[in-house]
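Report on the following structure.
The values are calculated or read from the model by the stated rules, or taken from the named source; none is laboratory data. Keep in mind that what you see is a predicted model, and the values were worked out from it rather than measured. All Cβ positions, glycine included, derive from the backbone under ideal geometry; neighbour counts span all protein chains shown. Side chains included, ligands, DNA and RNA excluded: accessible areas come from the protein's heavy atoms. Shrake-Rupley method; radii C 1.70, N 1.55, O 1.52, S 1.80 Å.
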Amino acid sequence: MKRFLIFAMASSVAFMLASCVDFNANANNANLSELVLSSGELTPAFKPDVTKYTVSVDYTVTEITATGTAESAAATVGGQSGQSVSLAVGDTDIAIEVTAEDGVTVKTYTVTVTREEAGLPSTNANLSEILLSAGSLTPAFAPNVTAYAVSVPYGVTEITATGTAVSAAAAVGGQSGQSVPLAVGETDIAIEVTAEDGVTVKTYTVTVTREEAVLPSTNANLSEIVLSAGSLTPAFASNVTAYAVSVPYGVTEITATGTAESAAATVGGQSGQSVSLAVGDTDIAIEVTAEDGVTVKTYTVTVTREEAVLPSANANLSKIELSAGSLTPAFAPNVTAYAVSVPYGVTEITATGTAESAAAAVGGQSGQSVSLAVGDTDIAIDVTAEDGVTVKTYTVTVTRANIVKVINANNYDPSALSDGEILAAASLDVYLEHASVGGYITGGAPIGDWPFDGLGALAAADSRYACGRASWESPSTSSWNGVANAAWFDTNNGLGDLFRGNPSAATKVSGFEAAMNYSAGVLGAAVDVAMFKFCYIDSPASSTVQFDTARAAIERLEASYPNVTFVWWTMPIEETGNAARQGYNDLVRTYCNDNDKWLYDIADLESHDDSGMAYTDSFGHEVLYAGYSHDGGHPNGPGVFKLAKAYWKLIAEIAKTR
């Protein structure tokens, strides 16, 4: 029982009202739902709200049990419920107590049992049961119910109803135990019970209804025809008796099994039999005889077995599916040679062919993962026709692009790069040390001092080329802090460039190496790409010495930082040629080509105009194209725009390898 305390508050007067609210409707239910006796009958008939009853029993009944059942499963039934109570002659009270769930509400039912005196004849004229030779009583038998109904089918022509008295001293008569003939319709059977006193008589009546005669069914329909092969045309319907079935040459026998709509009908003919099939038409007859034995319907299934079919010579594919790239030309079954181009980053490919004929076999390299070297790789897909003789080979030539490690005037344009390739390039951490020419390209420190910003101009023209940028000045200035600069790359991606001015060429080399190794290599560990450039004023006394110095430093760095991509630069040029500078640049180009190194060939970029024409002096030394010149040595707006494009091309190519 659940009780809740309800509080109410008034705005002007505060008061509290507590009340118990009982939400269990059965908490005080102390009713019985029934009261069952081991002998006799209650008077009056049981009702939950009636608590006092009487029962009369013969002298021979010396004890009785009265069992009560509570309406509420949570209530408790006690007192003398279910107990065997001894009976003296005369009245005996039996008390049955019901305690409700609340533990407070109690109801007492009292049964007063009167046991007759010895020697008095019994007045009990009840039956304890009625047994039928056919059918069943409605309602179910009870001693105090005297009228029953029984329904039997037409085929039941007689019935016996036998009553058994409760009292052994009572006499059962009337038609009890007699075979009673049944006409169609209703027949009453009376069973009379005379009590021992010879006066008390009770009559039980059983009304038997015999159903009308049912004529045999004339239904000779099938409900379905099931085939062991093929399918019916048209679809089965019980009123359609003619069907056609087509089966391939390989089917040499068939079974057609019919099921009758009526369980009393008989299905015969060739139903359920295995019928041999010759090439052409074979009729199968299924006969249905109705229950009346007269009505017959025949269903005919005409099975057409096809002629022998020669194995197919079809060795065509219906399609070729690729795991990367697309076919050129578009696929057609009669075209057997195709080309596919994939970028450098695709190192393997799968070409899967599907045959036009389900009976053909597809083999060769179809569905296999094929490793791709740079350049052309042929993939052969073989198709063997059903006949086992006809074979067709489709060839897919996959061209894997090479990465461009040397960026020059022939390949600097990044416009063909995909958005994904640009994004991959922008995600790299790049460190560049430079002087003024580099500052013109990057727009880097000292910020605001340069007349041009190549990367900024390119990003303004096409937002795809926007990326993170940070600039610092020489370690001798306040903006340089190797640890802090390295930390920039931890939270940013893009270009971090250092303007280190124009000390000697050897100092530029050693300074770059020192910056990478600064504070136990904190910068070297932070970046993906690292590079430095000489200025056009660094024309060496000895091209070989200057090259060897740079090479030794970069090789040491490559060994220390194997995860960093180091990029060589040729030396920028002026509008006048220089033999020593040309010698250094030629050494760098040869070294990079021979050793598969990355090279940003700024000299080649500056010495070719937009049409690709090269500019040299009378000795063949590269010179700065005047259309790119700002002051004879530094590039102007068009010049830095071109060099910025080349920077993006370089970084995108590097991104493909990481």
Can you give me the number of residues within region 582-617 that are open to solvent by 40 Å² or more (accessible area, probe 1.4 Å) and hydrophobic (A, V, I, L, M, F, W, C)?
3
When you look at THR350, is it hydroxyl-bearing (Ser, Thr, Tyr) and either closer than 30 Å to LEU277 by Cβ or open to solvent by 60 Å² or more (accessible area, probe 1.4 Å) (or both), yes or no?
no
With respect to SER357, is the statement that it is among the polar types (S, T, N, Q) and without any contact (Cβ under 8 Å) to a residue 40 or more places away in the chain true?
no
Subset of region 405-416, residues open to solvent by less than 40 Å² (accessible area, probe 1.4 Å) and within 44 Å of the chain's Cα centre (by Cα), comes to PRO414
Filter region 561-581 down to the residues that are part of a loop (DSSP other than H, G, I, E, B), surrounded by 18 or more Cβ atoms within 10 Å (Cβ to Cβ), in contact (Cβ under 8 Å) with a residue 40 or more places away in the chain and not hydrophobic (A, V, I, L, M, F, W, C) and list them by number.
TYR561, PRO572, GLU574, GLY577, ASN578
Go through the residues of region 343-360 one by one and say whether even a single one is under 30 Å from TRP569 (Cβ atoms), touching a Lys or Arg at 6+ places or on another chain (Cβ under 6 Å) and not aliphatic (A, V, I, L, M).
yes
Can we say VAL61 is closer than 27 Å to THR123 by Cα, at pLDDT below 95 and open to solvent by less than 50 Å² (accessible area, probe 1.4 Å)?
yes
Select from region 313-343 the residues that are touching a residue at least 60 places away in the same chain (Cβ under 8 Å) and either polar (S, T, N, Q) or closer than 13 Å to ILE379 by Cα (or both) and list them in ascending order.
ASN314, ASN316, ILE320, LEU322, LEU327, ALA337, ALA339, SER341
So, in region 233-274, exactly how many residues are farther than 15 Å from VAL301 by Cβ and touching a residue at least 12 places away in the same chain (Cβ under 8 Å)?
10
Determine which single condition GLY620 fails, assuming it passes every other condition in (1) surrounded by fewer than 17 Cβ atoms within 10 Å (Cβ to Cβ); (2) more than 60 Å from the chain's Cα centre (by Cα); (3) assigned to a helix (DSSP H, G or I).
(3)
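Every residue, every condition in (1) assigned to a strand (DSSP E or B); (2) in contact (Cβ under 8 Å) with a residue 60 or more places away in the chain, yes or no:
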position	(1), (2)
GLY345	no, yes
THR352	yes, no
ASP376	yes, no
GLU386	no, yes
VAL389	no, yes
THR393	yes, no
THR397	yes, yes
Surrounded by 16 or more Cβ atoms within 10 Å (Cβ to Cβ) and in contact with a Phe, Trp or Tyr (Cβ under 8 Å, 6 or more places away or on another chain): does that describe THR657?
no
Only unsatisfied item for TYR148, checking (1) farther than 28 Å from ASN31 by Cβ; (2) in a loop (DSSP other than H, G, I, E, B), is (2)
Which number in (1) more than 15 Å from LYS645 (Cα to Cα); (2) over 38 Å from the mean Cα position of the chain (by Cα) marks the one condition that LEU428 misses?
(2)
Just one listed residue, out of THR108, THR114, is in a strand (DSSP E or B), at pLDDT below 95 and closer than 30 Å to ILE94 by Cα, and it is THR114
Every residue from region 275-297 that is of a type in the set (S, T, N, Q), without any contact (Cβ under 8 Å) to a residue 60 or more places away in the chain and surrounded by 13 or more Cβ atoms within 10 Å (Cβ to Cβ)
THR282
Is it the case that region 298-319 has a residue that's assigned to a strand (DSSP E or B), open to solvent by less than 50 Å² (accessible area, probe 1.4 Å) and closer than 30 Å to VAL398 by Cα?
yes
Number of the exception - LYS47 against (1) without any contact (Cβ under 8 Å) to a residue 12 or more places away in the chain; (2) more than 30 Å from ILE191 (Cβ to Cβ); (3) not polar (S, T, N, Q):
(2)
